[in-house]
Amino acid sequence: MTEADRSTSLVNLAKVNKHFGALHVLRDIDLDVTRGEVVVVIGPSGGGKSTLCRVINRLETIDSGSITFDGQSLAVEGRALAKLRSEVGMVFQQFNLFAHKTILENVTLGPVKVRKIARDQAERRGMELLERVGIASQAAKYPAQLSGGQQQRVAIARALAMDPKMILFDEPTSALDPEMVQEVLDVMISLARDGMTMLVVTHEMGFARRAANRVVFMSDGQIIEQAAPDEFFTNPGTDRARDFLSKILTH
Amino acid sequence: MSALIEELPVILGAFWLTVRLTLATAVAALVLGTVLAAMRVSPLGVLRNVAGAYVNALRNTPLTLVIVFCGLGLGLVLDVSFSESLSVNYLWLSIIGLSLYTAAFVCEAIRSGINTVPIGQAEAARALGLTFTQNLRHIVLPQAFRAVIAPLGSVLIALIKNTTIAAAIGVAEASLTMKSLFERHQEAVVPIFLGFALGFLVLTLPVGLLFGWLAKRLAVAR
Ligand SMILES: Nc1ncnc2c1ncn2[C@@H]1O[C@H](COP(=O)(O)OP(=O)(O)O)[C@@H](O)[C@H]1O
Ligand SMILES: [Mg+2]
């Protein structure tokens, strides 16, 4: 990736608003993520972090404002929308691996059905990706036969199989037993090192410090402040962020 | 007993017709029921409402009415015809009636199966860029079917018994044949009845066992 690429915006949100009924979940969100950037989103539960992820790949619609991805408006429908979604990977808190498909089938489904890649080629690439996340030996098993940490690594491989321009992570380690958190974070850190553009909702400060370029603090549907990780964690600029940090630190 | 043995070819022929009625209807109802279930979860309100109205109408109409409508309404009044032979024509009309009726129950079974598929499955598929139909075909319906194999078995058993209603428009399946055998062998009404009842058990019991076994074997582990 060249320096010129690095400075260009990949996803841009401008004055984005979203309501669930009377609840104002996203309030005038302005956010820009450049190519190769790793942004960590942190903040109290119910603050709108998941919704932020979900509007970026249009799992939710927005009420006002605009979102552009790679120079294209997200206000598209049908096939164009499906194509756009295929360029933004998503990793969920609950993994959401396809329960009736094997690990390898989970990783090849998108490439074969959406990208129309030949099955044998998709399988070769799928095995490479499973190798990369350390699950290749489990390729023929079903998701329920794997541990949470293994399932989440498969979910990351499934996202990577689409060659996405960006991956969204919504609390990828929150549903894991503590001893499995690091194996997933390690995969994410290596992705960040390789230049993947990532938006990561997480409270893992270790990950934020090691891999993130920027921390965005969200509360009550607003972006309260954003800063480099070290600066944010050692010297938050707002009372609300300081309050929040003191709570998660005493845990 | 001798009457039963004497009429065995007739009885077997009648049950063979019952089996054909059942198989043809099962296939048609499975296809139509699946389409209706897909409509009931579609993002388009019109499709949802049409399918909902269909299911409510057919589930709450007596099957005899549906069959008689197909036989007399479609067959005689509207002159829908599939064959020169009158009996073949009524057979097809009864398959249509049974299928239209059974599809409503198939739809409801599959819909309840769709409700057992966690929302995250469809979301992950959407996030990969699958279209609505791809999502149904590859992710949601395969899991929904596996969850409702046992209920679909019950629908099939009900269908086997419901084929007897085709007698109402003169299709010579098992029950109509039983009636004519009663007239021919008035001394042997009880054995003939028991013979036919046994015939239905031979059809329905294995279906229940098979579907119960399949349900366990194909269950999706979560
Ligand atoms: N589909 C939905 N329908 C109604 N309310 C929702 C829905 N999704 C989220 N919410 C509400 O929106 C608010 C923000 O939710 P969310 O984005 O999940 O926050 P976070 O991920 O920061 O915990 C919460 O109050 C939540 O209850
Ligand atoms: Mg959340």
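Counting only DSSP beta bridges with both residues in the protein assembly as shown, what percent are antiparallel, rounded to the nearest 5?
On the way: 20 of 37 bridges.
About 55 percent, rounded to the nearest 5.
How much mean residue ellipticity at 222 nm does chain B get from its helices, if each DSSP H run of length 4 or more adds -39500 (n - 2.57) and you divide by all residues, to the nearest 500 deg cm²/dmol?
On the way: 10 runs with 162 residues, N = 222.
Here the helix-only value at 222 nm equals -24500 deg cm²/dmol.
Can you compute the FRET efficiency between B:L210 and B:L12 using 1/(1 + (r/R0)^6), with r the Cβ-Cβ distance and R0 = 30 Å? Round to the nearest 0.05.
Details: r = 22 Å, r/R0 = 0.72.
The formula returns an efficiency of 0.90 here.
Other chains near A:93-104: what is the mean number of their Cβ atoms within 10 Å of each residue's Cβ? Write out the running numbers ahead of the final one.
On the way: counts 1, 5, 2, 9, 3, 9, 11, 13, 5, 0, 0, 0.
Mean partner-chain Cβ count within 10 Å for A:93-104: 5.
Expressed as a whole percent, how much of the Cα-Cα distance distribution for the protein assembly as shown exceeds 40 Å?
On the way: 43827 of 111628 pairs.
More than 40 Å apart: 39 percent of the Cα pairs in the protein assembly as shown.
Once you've got the GNM for chain A with C-alpha springs shorter than 10 Å, pick whichever of A:G195, A:G78, A:G148 has the biggest mean-square fluctuation.
Per the Cα network of chain A with a 10 Å cutoff, A:G78 tops the list.
For the Cα atoms of chain B, what angle does the longest principal axis make with the long axis of helix B:45-59, in degrees from 0 to 90, nearest 10?
20 degrees
Note the angle between two axes, namely the Cα long axis of helix B:189-218 and the longest principal axis of the Cα atoms of chain B, as a number of degrees from 0 to 90, rounded to the nearest 10.
20 degrees
Keeping every protein chain present and rolling a 1.4 Å probe, give me the accessible area per residue for the protein assembly as shown in Å². Write down the numbers at each step before the final one.
Working: 21990 Å² over 473 residues.
Dividing the accessible area of the protein assembly as shown by its residue count gives 46 Å².
Using a Debye calculation, one point per C-alpha and no hydration shell, please list log10 I(q)/I(0) for the range A:147-206 at q = 0.21 Å⁻¹ in order.
The Cα Debye sum returns log10 ratios of -0.80.
Distance cut-off 28 Å, Cα to Cα: go down the list A:K101/A:K165; A:K165/A:K247; A:K49/A:K247; A:K113/A:K165; A:K101/B:K216 and report the pairs above it.
Where the Cα-Cα span goes over 28 Å, the pairs concerned are A:K165/A:K247.
Based on DSSP H runs of at least 4 residues, each adding -39500 (n - 2.57), what is the mean residue ellipticity at 222 nm of chain A after dividing by all its residues, to the nearest 500 deg cm²/dmol?
On the way: 10 runs with 100 residues, N = 251.
Helix-only estimate at 222 nm: -11500 deg cm²/dmol.
As a test of understanding, state the convex hull volume per residue of chain A from its alpha carbons, in Å³. Please list the in-between numbers first.
Values: hull volume 33.9 nm³, N = 251.
Per residue, the Cα convex hull of chain A comes to 135 Å³.
If the viscosity is 0.692 mPa s and the temperature 37 °C, what Stokes-Einstein diffusion coefficient in µm²/s follows for the range A:86-174 when Rh is the Kirkwood radius over Cα pairs?
Numbers: Rh = 12.6 Å.
Rounded, D is 260 µm²/s.
I need the peptides A:90-96, A:207-213 ranked by packing, meaning the mean over residues of other C-beta atoms within 10 angstrom, with the highest value on top.
Top of the packing list down: A:90-96, A:207-213.
In Å and from the alpha-carbon atoms only, list the Rg and Dmax of the range B:2-218.
Cα radius of gyration and Dmax of the range B:2-218 are 20.1, 70 Å respectively.
So what are the range B:1-72's ellipsoid semi-axes, whole angstrom, largest first, if each one is the square root of 5 times an eigenvalue of the alpha-carbon gyration tensor? List each step's numbers first, then the result.
Working: eigenvalues 289, 41, 13 Å².
Semi-axes, largest first: 38, 14, 8 Å.
Hey, with R₀ at 35 Å, roughly what FRET efficiency would B:A197 and B:N60 work out to, going by the Cβ-Cβ distance, to 0.05?
On the way: r = 29 Å, r/R0 = 0.82.
Once the sixth-power term is evaluated, E becomes 0.75.
When you look at the Cβ of every residue in B:128-136, what mean number of other chain Cβ atoms sits within 10 Å?
Values: counts 20, 16, 7, 6, 2, 0, 4, 2, 0.
Averaged over the peptide's residues, the number is 6.
Along the charge dipole of chain A, which of A:M218, A:N96, A:L23 sits closest to the positive end, that is, farthest toward it, with unit charges on the beta carbon of Lys, Arg, Asp and Glu (+1, +1, -1, -1)?
Of the options given, the answer is A:N96.
On a 0 to 90° scale, report how tilted helix A:239-249 is relative to the longest principal axis of chain A, with both axes built from alpha carbons and the result rounded to the nearest 10.
Here the helix axis deviates by roughly 50 degrees.
Kindly list the residues of the range A:164-180 that lie in the label zone of B:A221, defined by a backbone N under 20 Å from the point 7 Å along the Cα-to-C-beta vector.
Residues passing the 20 Å test: A:176-177.
Other chains' Cβ within 10 Å of B:114-125 residues: what's the mean?
Values: counts 0, 0, 0, 2, 3, 2, 7, 5, 1, 6, 15, 7.
Taking all residues of B:114-125 together, the mean is 4.
Give the value in nm², to one decimal: projected area of the alpha carbon convex hull of the range A:164-251, averaged over all directions.
Values: hull surface 25.0 nm².
The directionally averaged projection comes out at 6.2 nm².
Share of chain B's accessible area from carbon and sulfur, percent, 1.4 Å? Kindly include the intermediate steps, with their values, before the conclusion.
Working: 7870 of 11170 Å².
It is 71 percent, rounded to a whole number.
Counting Lys and Arg as +1 and Asp and Glu as -1, each charge on the Cβ, what is the dipole of the range B:42-161 about the Cα centre in debye, to the nearest 20?
Numbers: 7 positive and 4 negative charges, 81 e Å.
So the dipole magnitude of the range B:42-161 works out to roughly 380 debye.
Could you give the dipole magnitude of chain B about its Cα centre, charging the beta-carbon of Lys and Arg +1 and that of Asp and Glu -1, in debye to the nearest 20?
Working: 14 positive and 9 negative charges, 228 e Å.
It works out to roughly 1100 debye.
The values are calculated or read from the model by the stated rules, or taken from the named source; none is laboratory data. Every value quoted in this text rests on a predicted model; they were computed, and no experiment measured them. Note: ideal-geometry Cβ built from the backbone for every residue, glycine included; neighbour counts use all protein chains shown. Keep in mind that these areas ignore ligands, DNA and RNA; they rest on the heavy atoms of the full protein, side chains included. Shrake-Rupley method; radii C 1.70, N 1.55, O 1.52, S 1.80 Å.
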